[in-house]
Structure formats: C-alpha cells, structure tokens
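Since the structure comes first, as structure tokens, the remarks are kept for the end.
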Amino acid sequence: MPKNADKNFSMLTIILISVVVVLLVVIGFLIGRTVPPIPVPPGPPMVGPPPPPSAGLKFVDGAVTGFQYNAHLDVNSVQLKKEGAGILNFEFKPHTAGAVLSVTKKGNLVKIGYSTQPNDEAIVYHLHTIKDISSGNEIDVDRLPPPPRIPPGKPAQTFNIINPRVITDSYGGVDALQAPGKLFHFRPEQVEDIQSLIKNGHNFTLLAVARGEQGFININHDEVFLVISITIDNKTFTIR
C-alpha cells in the first residue's frame, strides 16, 4: 500500500475515534441531565432531649417527722406530716439515703416530688426529689448512680460467727445475719434454697466484702458486709 494511503488511513482512524469520544461525552451529559437523582430516604425523625426526671411528678410539702428502714436495716423512706393528710411515707432507694439526709433532717419543712406506680399492691409514694425549704438545699435522687454489686478494690474477708441474729423480711425470707457491730447482707433469692439451714444453723463461716458507705445508712451504724459465700456444717454455698 502506498505511503499516502497509510497516512490517510491513520488520519481517518484518529478522526473516527475522536468523534466517538465526543459522542460518548455528549450522551453521558444528556443522560446526567435527564435521569432524576435517586431520592434519599428520610432519616429518623428528630427526637428532643429526654424529659427531666421531675417531669410528671406530684409535689407535696410538710414537716419531716422521721425516717424508716427496710428489712436490711437500711434507711429507705422519709415520713412527712402533711396538714389534712396525716403522716405520709415516701420511699427511696437505700443507696440514696445519705444524699437525702444530707439535704434535710427531722423537724425541717421540705417539698417532695414523688410518683406512684399503678401496679403497686398498696399505695406507695416514691420519692424523686426533696428540697429543704429553709436552706434551699435540694437533691434529685434519680440522678444518683446505682452502687456496684461488689465494691471494687476491697479484699474479701473470712468471718466465723456463732449464733448470729437471723434477720428476715415480712415473708420470712432471710435477709441478713447480724453479729455484734456487723451485719452480713444478702438478698432472699440468693439463699432461697438454704433458708432452713441458715435459720437452724449456729456456726457460720462467711466470706464477705465490706460494703462501705456508698450512700447507705444502717440504722444501727453496723459495719455492713456483702456475703460472697456461706459455710454451714462444712457445706459451702456461693451467694454472689
């Protein structure tokens, strides 16, 4: 083939390739303009901040007449004298007792924010906030963190106790063993299978950890220990 023919063929090839590229660019541009963008599904609706713990509470004021305690001998309620309503009890979680008593004391006038639970067997008032009217000091117990199941950094100790006082709840469930100056704490469900052994026992070996304050207030000011295991008649049972 003559050289001029080869040159003409190469030029024609280049022109054809250029035309194809230009056509592809134009087609792509047109497609981009005619195809509507893919709709983006809407995100979840904006949710506002959670309502403050005091939202929806009822309020009452009156004079503090005293404090009550639970089966573990930990303070867990305040008594209030309300004109026209008599004495009312407002329960709170035992680990918040220190905070509640730091705000007010017996004889002071307070304002309490409370709620009731519709599934309560009896009418129970649950304390959420308490304010001492004279000092202005106030505490919201819902903002206090729960205590750890076992206090960190405290070593387990072994105790041998003889004929302790067996503390039970209103249903007869064993809550604790009490020795002079010490109370050994466990929940009834933790010893449900060995309650009769505890009630009839005399000599006990306990592995326990000091609870420390953590906001609890024992009415007898006993040192409270959380039981890890209990040995009765050479039989050891793990509690926690």
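Do we find that L206 is closer than 30 Å to N89 by Cβ, buried (at least 18 other Cβ atoms within 10 Å of the Cβ) and without any contact (Cβ under 8 Å) to a residue 60 or more places away in the chain in this structure? Step through it out loud before you land on a result.
Details: closer than 30 Å to N89 by Cβ: no; buried (at least 18 other Cβ atoms within 10 Å of the Cβ): yes; without any contact (Cβ under 8 Å) to a residue 60 or more places away in the chain: yes.
In short, no.
Every residue in the stretch 78-99 that is outside any loop (DSSP other than H, G, I, E, B), out of contact with any helix residue (DSSP H, G or I) (no Cβ under 7 Å at 6 or more places or on another chain) and more than 18 Å from Q117 (Cβ to Cβ), please.
Here is the first cut: in the stretch 78-99, the residues outside any loop (DSSP other than H, G, I, E, B) are 78-82, 86-91, 94-99.
Right, trim to out of contact with any helix residue (DSSP H, G or I) (no Cβ under 7 Å at 6 or more places or on another chain) and you get 79-82, 86-91, 94-95, 97-98.
If the condition is that a residue be outside any loop (DSSP other than H, G, I, E, B), out of contact with any helix residue (DSSP H, G or I) (no Cβ under 7 Å at 6 or more places or on another chain) and more than 18 Å from Q117 (Cβ to Cβ), then Q79, L80, K81, K82, G86, I87, H95, A97, G98 are the ones that fit.
For residues that are within 26 Å of G98 (Cβ to Cβ) and touching a His at 6+ places or on another chain (Cβ under 9 Å), scanning just the stretch 146-163, find the one that is surrounded by the most Cβ atoms within 10 Å (Cβ to Cβ).
First, pick out the residues of the stretch 146-163 that are within 26 Å of G98 (Cβ to Cβ): 146-157, 159.
Narrowing further to those that are touching a His at 6+ places or on another chain (Cβ under 9 Å): 146-147.
On the way: P146: 10, P147: 18.
Among those that are within 26 Å of G98 (Cβ to Cβ) and touching a His at 6+ places or on another chain (Cβ under 9 Å), it is P147.
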* Got at least one residue in the stretch 113-132 being part of a strand (DSSP E or B) and of a type in the set (K, R)? -> yes
* Does F59 qualify as being surrounded by 15 or more Cβ atoms within 10 Å (Cβ to Cβ) and among the hydrophobic types (A, V, I, L, M, F, W, C)? -> no
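V227: surrounded by fewer than 18 Cβ atoms within 10 Å (Cβ to Cβ), in a strand (DSSP E or B), in contact with a helix residue (DSSP H, G or I) (Cβ under 9 Å, 6 or more places away or on another chain) and not assigned by TED's automatic domain parsing to the domain that holds P94, yes or no?
no
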* Asked: Any residue at all in the stretch 157-167 that is in the same structural domain as I219 (by TED's automatic domain parsing) and part of a loop (DSSP other than H, G, I, E, B)?
  -> yes
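The values are calculated or read from the model by the stated rules, or taken from the named source; none is laboratory data. In this text the structure is predicted, and so the values were computed from the model without any measurement. Every residue, glycine among them, receives a Cβ derived from its backbone with ideal geometry; neighbour counts consider all protein chains shown.
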